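Encoded as structure tokens, the structure appears first; notes follow it.
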Amino acid sequence: MASNGALDARDRAAMLSRLATERFDVLVIGGGITGAGAALDAASRGLRVGLVEARDLASGTSSRSSKLIHGGLRYLEQFDFKLVYEALRERDLLVSKLAPHLVKPVSFMYPLYKKVVERPYVGAGLVLYDAMEGTRRPVPLHRHLTARGALKRAPALSPDRLAGAMLYYDAQVDDARHTLTVARTAAAHSAVVATRVSAVGFLRGPDGTRVTGARVRDEESGREVTVTAEVVVVCAGVWTDLVHELAGVQAGYRVRMSKGVHIVVPRAAVDANTGMILRTEKSVLFFIPWAEHWIVGTTDTDWSGDRAEPAATEEDIEYILAAANRVLAQPLTRADVIAVYAGLRPLVDPREGNGSKPTTKLSREHVVDVPVPGLVSIAGGKFTTYRLMARDVVDAAVADFGREVPGSVTDQVPLLGADGLAAVQPAAGRLAEDYGVTRATVEHLLGRYGTLAEEVLNLIRADAGLARPLAEPHPYLRAEVAYAVTHENALHVEDVLMRRTRLFIESADSGAGAAAEVSAIMGRLLGWSRRRRAAETRRYLDLIEAEQTVIAMDPRPVPDSVSDRALAAVR
Ligand SMILES: Cc1cc2nc3c(=O)[nH]c(=O)nc-3n(C[C@H](O)[C@H](O)[C@H](O)COP(=O)(O)OP(=O)(O)OC[C@H]3O[C@@H](n4cnc5c(N)ncnc54)[C@H](O)[C@@H]3O)c2cc1C
């Protein structure tokens, strides 16, 4: 039976004891969207599942993306029709059924500057894009706009050379919240989800070959325990090669890191009522509406530095500003930039002629490999297609179980908060009255938690002080900090300010002003002393100083080796 999947940070000791004592069918390493998806896929097939994440859920690439759930218009140009088709089906499933509270349609305008050449070309692409949708069609069809029509929607565009525009629809998501919700949904189906627990070694069966589990370290206490499982599934994103080395295996692929940077500017800096996509020399640039802000990006450069804290360079920021300013009447400047974040794409690089290649199932976007019995790994892909990736890796994981395991059912498993949403949304006014909060507060909570919003409202009913905003003018409430501890496994201040809320990228001070209050609310629940609260606040301030430091140039490569130094890169 499914529960509410609460991940209560106060239950950490019990959770660690379950890891050490239960025998799992599947142990997942990595709590990004791929690992969370794999845990949900396996748990919803009735398997016993454990998941260990070295830092926080989504702390790697899965909180640093462009936050689009999309087919990827530009893949059409590369004739990757299957990929676009699959991604669009996934988008529509998420918007209409699996996560309507989290994945929301968004319009994009594609300005045209060479009318005769561009309009038929882009138009044909969009006809195909729309045609690849399922019959449900939860987002509208594309439209042609004149130059006047384009300027009406986006007065920020320079009218020079503007010949018209195309308007089409995709979807967007808070990537960190979506990842957390997938992990919670896995927990609702009995998965044990442990954060700040790293895999540091592997267990082998009596024949010395088959992997039978992992040695894991609780990063909070340093204590190590062994976890036994019939199969270990590696979903470690850009850390995959390091985990393979830890296991002493050579997989049929390596993971290359490509850095993508975004800048965040205030909504008022760009006057437009739609997202925009521009063609650049190398790729495309998105203006993505994000509440009171725009997220603008991205870049694409090789990276060989620290995996945990990829840094933006001045050059990255200048590149984004220059690309944006090519079409804006009023240029964006460095002073408009309130935040910068960088993420690493885990790109798959197959090893030609590698001995393990026959067991490697390659697809254009993601790769599943079985380097030794009992160990399966997956890398590549994109956020949008995580459910398909999860299905593929779990299919490979259970292939030699020697017993019938049901197929994937995640296309029928709405994420927590989705079920019954249609009936709760119209009741926002009543809920506001019942709980003594504003309708705007209820709508804010419904947009982040779906039907689980009532769990947050119940915290407010028990303690009215929690209804106060955390950091005005941002809409987050103090109750959301408490909820992050009691239901979302937040263990440190950065978990709340960087991922449970997004103040790190939405606030000009990166959430620094709210850190002490977050620490106080968390401390009350987690029993932190006054000294510990101060230390947790300081830890966050140090972290944002390091994260927000824009470096002059990309750092020198960090040599890959399986040492504590390499593993330290995970933390
Ligand atoms: C700039 C950028 C923009 C993007 N935009 C989009 C987009 O708009 N739409 C889209 O569909 N996709 C997008 N993507 C791609 C998408 O974000 C990634 O494909 C996806 O987030 C990868 O998820 P993951 O779970 O594989 O990796 P990660 O999220 O990095 O997760 C891997 C996890 O493994 C953990 N780990 C590593 N080693 C260990 C260990 N030893 N023990 C325990 N845990 C360990 C790490 O801490 C990490 O949390 C973008 C990517 C980038 C970089």
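Tabulated data
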{"read-out": "Among (1) at pLDDT 95 or above; (2) within 30 Å of F24 (Cα to Cα), the one test that A251 misses", "value": "(1)"}
{"read-out": "Check on T212, of a type in the set (S, T, N, Q), on the phi < 0 side of the Ramachandran plot, in contact (Cβ under 8 Å) with a residue 12 or more places away in the chain and in a helix (DSSP H, G or I)", "value": "no"}
{"read-out": "Matching option when the condition is more than 24 Å from the chain's Cα centre (by Cα) and at pLDDT 95 or above, among A535, A490, A471", "value": "A535"}
{"read-out": "Flag for V424 being over 25 Å from V234 (Cβ atoms), touching an Asp or Glu at 6+ places or on another chain (Cβ under 7 Å) and more than 16 Å from the ligand (Cβ to nearest atom)", "value": "no"}
{"read-out": "Filtered residue count, the range 290-314, keeping only those that are within 16 Å of the ligand (Cβ to nearest atom) and surrounded by fewer than 20 Cβ atoms within 10 Å (Cβ to Cβ)", "value": "8"}
{"read-out": "Flag if R184 is of a type outside the set (D, E) and away from the ligand (no atom under 15 Å from the Cβ)", "value": "yes"}
{"read-out": "Criterion violated by V116 - all others in (1) more than 31 Å from the chain's Cα centre (by Cα); (2) modelled with pLDDT of 90 or more satisfied", "value": "(2)"}
{"read-out": "Set P358, P350: member being surrounded by fewer than 17 Cβ atoms within 10 Å (Cβ to Cβ), at pLDDT below 95 and touching a Leu at 6+ places or on another chain (Cβ under 7 Å)", "value": "P350"}
{"read-out": "Residue check for S65: in contact with a Phe, Trp or Tyr (Cβ under 8 Å, 6 or more places away or on another chain) and open to solvent by 10 Å² or more (accessible area, probe 1.4 Å)", "value": "yes"}
{"read-out": "The listed residue being crowded, with 19+ Cβ neighbours inside 10 Å, within 11 Å of the ligand (Cβ to nearest atom), within 28 Å of A396 (Cα to Cα) and not charged (D, E, K, R), out of V232, V211, V261", "value": "V232"}
{"read-out": "Unmet requirement for A150, which otherwise passes all of (1) open to solvent by 30 Å² or more (accessible area, probe 1.4 Å); (2) modelled with pLDDT of 70 or more", "value": "(1)"}
{"read-out": "Matching residues in the range 264-275 - criterion: being more than 19 Å from E314 (Cα to Cα) and more than 16 Å from the ligand (Cβ to nearest atom)", "value": "P266, R267, A268, A269, V270, D271, A272, N273, T274"}
{"read-out": "Filtered residues of the range 401-437 (kept if within 21 Å of L466 (Cβ to Cβ) and either charged (D, E, K, R) or open to solvent by 80 Å² or more (accessible area, probe 1.4 Å) (or both))", "value": "R430, E433, D434"}
{"read-out": "Qualifying residue in the range 406-429 (condition: at pLDDT 95 or above, more than 24 Å from K97 (Cα to Cα) and hydrophobic (A, V, I, L, M, F, W, C))", "value": "no"}
{"read-out": "Residues of the range 1-28 satisfying the condition of being open to solvent by less than 10 Å² (accessible area, probe 1.4 Å) and either farther than 25 Å from L526 by Cα or within 16 Å of the ligand (Cβ to nearest atom) (or both)", "value": "L19, F24, V26, L27, V28"}
{"read-out": "Residue match in the range 522-531 (condition: hydroxyl-bearing (S, T, Y) and either open to solvent by less than 60 Å² (accessible area, probe 1.4 Å) or more than 22 Å from D463 (Cα to Cα) (or both))", "value": "no"}
{"read-out": "Residue ID - modelled with the lowest pLDDT, chosen from residues in the range 362-379 that are within 12 Å of the ligand (Cβ to nearest atom) and either open to solvent by 10 Å² or more (accessible area, probe 1.4 Å) or aromatic (F, W, Y) (or both)", "value": "E365"}
{"read-out": "Every residue from the range 281-303 that is in a strand (DSSP E or B) and either hydrophobic (A, V, I, L, M, F, W, C) or touching a Phe, Trp or Tyr at 6+ places or on another chain (Cβ under 6 Å) (or both)", "value": "V284, L285, F286, F287, I288, W290, W294, I295, V296"}
{"read-out": "Members of the range 320-338 that are assigned to a helix (DSSP H, G or I) and free of Cβ contacts under 8 Å to residues at least 40 places away in the same chain", "value": "A322, N325, R334, A335"}
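Here's the yes/no breakdown for (1) open to solvent by 10 Å² or more (accessible area, probe 1.4 Å); (2) over 16 Å from A432 (Cα atoms):
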site: L452; (1), (2): yes, no
site: R461; (1), (2): yes, no
site: A467; (1), (2): yes, no
site: E472; (1), (2): yes, yes
site: E480; (1), (2): no, yes
site: H487; (1), (2): yes, yes
site: H492; (1), (2): no, yes
site: V496; (1), (2): no, yes
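The values are calculated or read from the model by the stated rules, or taken from the named source; none is laboratory data. This one's a predicted model, so the numbers in the text were calculated from it and none came from an experiment. Cβ coordinates were reconstructed from backbone atoms using ideal geometry, including for glycine residues, and neighbour counts include every protein chain displayed. Quick note on the areas: whole protein, heavy atoms, side chains included, nothing else; ligands and nucleic acids left out. Shrake-Rupley method; radii C 1.70, N 1.55, O 1.52, S 1.80 Å.
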